[in-house]
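Derivation of every value follows stated rules applied to the coordinates shown; laboratory data play no part. All values derive from a computational prediction rather than experimental measurement. Positions of Cβ are generated from backbone atoms using ideal geometry, with glycine treated the same way; all protein chains shown enter the neighbour counts.
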Amino acid sequence: MNKTFKTKLSIPKMDCPSEEKMVRMALEPLTEIKKLNFDFKLRELEVIHHNDANEIVSALKPLNYGTQLKSTEEHEIDLEELEESLDPVKESHVLKILLAINGSMFVLEIILGLIAQSMGLIADSLDMLADSAVYGLSLYAVGKTLYMKKRAARLSGYLQIFLALGVLIEVVRRFMFGSEPEGSMMIGVAFLALIANVSCLFVLFKHREGEVHMKASWIFSTNDVIANLGVILAGVLVSVFKNPIPDFIIGIIVAVIVFRGALSILNMAKTK
């Protein structure tokens with residue numbers, strides 16, 4: 001059995017998730033890396049791996065983040081637990097669950113969003129649809145080459161951008177021609193969507209350090225929780241003030257969240 005090492009790296013220019021994604025992409029071809037632990041406060045990266053630590057440093061040099069090797073030592077770890085998140089069979093099972101949750105919530109949310117005349121719920125339902133497509137593409141990517149995984153991530157990112165623009169157009173249309181959203185229904189449906197997305201995060205937790213397509217799924221589900229909380233708040237404001245403006249605002253915010261998530265995925269999927 002190959003020896004397992006724990007290596008600590010200093011990365012002075014790594015201070016946000018954007019740099020983290022680039023580091024992950026740079027290291028993904030090194031298949032003997034088993035786990036990455038990021039510390040933005042100290043600007044350090046801990047790597048659990050089998051290969052030579054110098055290979056890791058060399059892979060990060062082109063990023064020009066000032067990467068330096070701090071220490072490396074042999075490390076005992078439960079590899080069965082560690083590699084669980086990289087098991088293609090487990091990935092497929094997880095993604096099927098996520099696809100079922102998001103697909104069901106899209107149907108429920110779009111129907112009730114139209115009934116409630118809520119731009120926030122309609123926007124959130126389209127986000128659920130985009131996520132369903134993401135998980136479908138990720139299922140396709142399981143067990144495929146690095147190129148195919150990046151391609152799946154790019155396709156999901158472009159889909160998110162398309163839907164975000166569609167949401168913005170619909171917000172403008174409703175602002176011009178009027179809308180009377182039902183606040184109480186917004187709150188109830190958004191709360192159900194929140195439960196669904198928290199469930200997705202729970203299912204994804206062990207896979208959040210996985211490959212690019214699994215990382216994309218984690219980003220989308222995290223964004224969705226934020227969007228759900230925003231729709232609930234907008235529903236409260238609509239109910240209190242009897243005004244549709246909060247619904248329009250949350251629709252725009254959800255579109256921006258979707259758009260930013262798409263850009264994150266496209267940045268991750270760039271081929272160097």
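So if we plug the beta-carbon distance of Asn243 and Ile169 into 1/(1 + (r/R0)^6) with R0 = 25 Å, what FRET efficiency do we get, rounded to 0.05? Don't jump to the answer; show the numbers that get you there.
Values: r = 22 Å, r/R0 = 0.87.
Once the sixth-power term is evaluated, E becomes 0.70.
Highest mean first, the peptides 175-185, 95-105, 151-161 sorted by other C-beta atoms within 10 Å per residue fall in the order 151-161, 95-105, 175-185.
Full extension of the chain between Val236 and Asn54 yields a length gain of 60.0 nm, computed as 0.36 nm times the residue separation minus the alpha carbon distance.
With 30 Å as the limit on Cα-Cα distance, the pairs of Lys6/Lys41; Lys35/Lys96; Lys6/Lys96 that go past it are Lys6/Lys96. Computed packing ranks the peptides 52-59, 225-232, 108-115 as 225-232, 108-115, 52-59, most packed first, by mean other Cβ atoms within 10 Å.
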